[in-house]
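Heads up, the thing below is written out as structure tokens.
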Amino acid sequence: MSENTKTTGSCLCGDVTYEISGDPMIAAHCCCTDCQKSSGADHITLAFYSDDQVKMSGALAEFAVIADSGNTLTRCFCPKCGSRICGRNSAHEGRIGIHVGTMDNPQNIKPSVAVFTRGRREWDVLSGDLTTFEASPPVKG
Ligand SMILES: [Zn+2]
Ligand SMILES: [Zn+2]
């Protein structure tokens, strides 16, 4: 774990690629309904970085929704193959959440939090030393 950590990733078709410098501030599982619907999986795993750590190449399409919190959540995906690559929350300018499933070398990513676990199906067992929240965490990092 260091400033020199380089993480790369791409969408399924390869039109969108990215390179990340350094470690994430936090990595989290999200079991909310919107993540389930938009990904088709029971939960997604996101690693959060500041924008200046992430170099994105290729065109992304966006889909934005207003969350219960009143914040705008923007989900970004490859318009060609549909892979979800990243997301942003209007409450956290300059921060980007990268979908860990799109990473080529996610070995350094250690999720420490699970949010919206009220939406988790019982067969979706999350392992590790996780701090869990039924809904959104009271204070977002
Ligand atoms: Zn693609
Ligand atoms: Zn979610």
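The values are calculated or read from the model by the stated rules, or taken from the named source; none is laboratory data. No experiment lies behind these values; they were computed from the predicted model shown. Virtual Cβ from ideal backbone geometry, glycine too; neighbours counted across all protein chains shown. Areas reflect the complete protein model, heavy atoms only, side chains present, ligands, DNA and RNA absent. Shrake-Rupley method; radii C 1.70, N 1.55, O 1.52, S 1.80 Å.
Observations
Here's the yes/no breakdown for (1) buried (at least 17 other Cβ atoms within 10 Å of the Cβ); (2) free of Cβ contacts under 8 Å to residues at least 40 places away in the same chain; (3) more than 13 Å from the chain's Cα centre (by Cα):
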position: ASP23; (1), (2), (3): yes, no, yes
position: CYS32; (1), (2), (3): yes, no, no
position: ASN71; (1), (2), (3): no, yes, yes
position: ASN105; (1), (2), (3): no, no, yes
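- Taking the criterion of being within 16 Å of ALA114 (Cα to Cα) and of a type in the set (A, V, I, L, M, F, W, C), the residues of segment 34-62 that qualify are CYS35, ALA41, ILE44, LEU46, ALA47, PHE48.
- Restricting attention to segment 1-21, the residues being open to solvent by 30 Å² or more (accessible area, probe 1.4 Å) and either not hydroxyl-bearing (Ser, Thr, Tyr) or not in a strand (DSSP E or B) (or both) number 10.
- Complete set of residues in segment 73-103 that are open to solvent by 50 Å² or more (accessible area, probe 1.4 Å), within 19 Å of TYR18 (Cβ to Cβ) and either in contact (Cβ under 8 Å) with a residue 24 or more places away in the chain or in a loop (DSSP other than H, G, I, E, B) (or both): PHE77, PRO79, LYS80, GLY101
- The condition (being in contact with a Lys or Arg (Cβ under 6 Å, 6 or more places away or on another chain) and either of a type in the set (D, E, K, R) or on the phi > 0 side of the Ramachandran plot (or both)) is satisfied by just one residue among ASP23, ASP51, ASP42, ASP34: ASP42.
- Subset tally (residues that are hydroxyl-bearing (Ser, Thr, Tyr) and open to solvent by less than 30 Å² (accessible area, probe 1.4 Å)) for segment 46-62: 1
- Residue match in segment 56-69 (condition: more than 15 Å from the chain's Cα centre (by Cα), modelled with pLDDT under 95 and hydroxyl-bearing (Ser, Thr, Tyr)): yes
- Selection within segment 34-45: residues that are within 16 Å of ligand 1 (Cβ to nearest atom) and under 16 Å from ARG121 (Cβ atoms). The member of this set that is surrounded by the fewest Cβ atoms within 10 Å (Cβ to Cβ) is GLY40.
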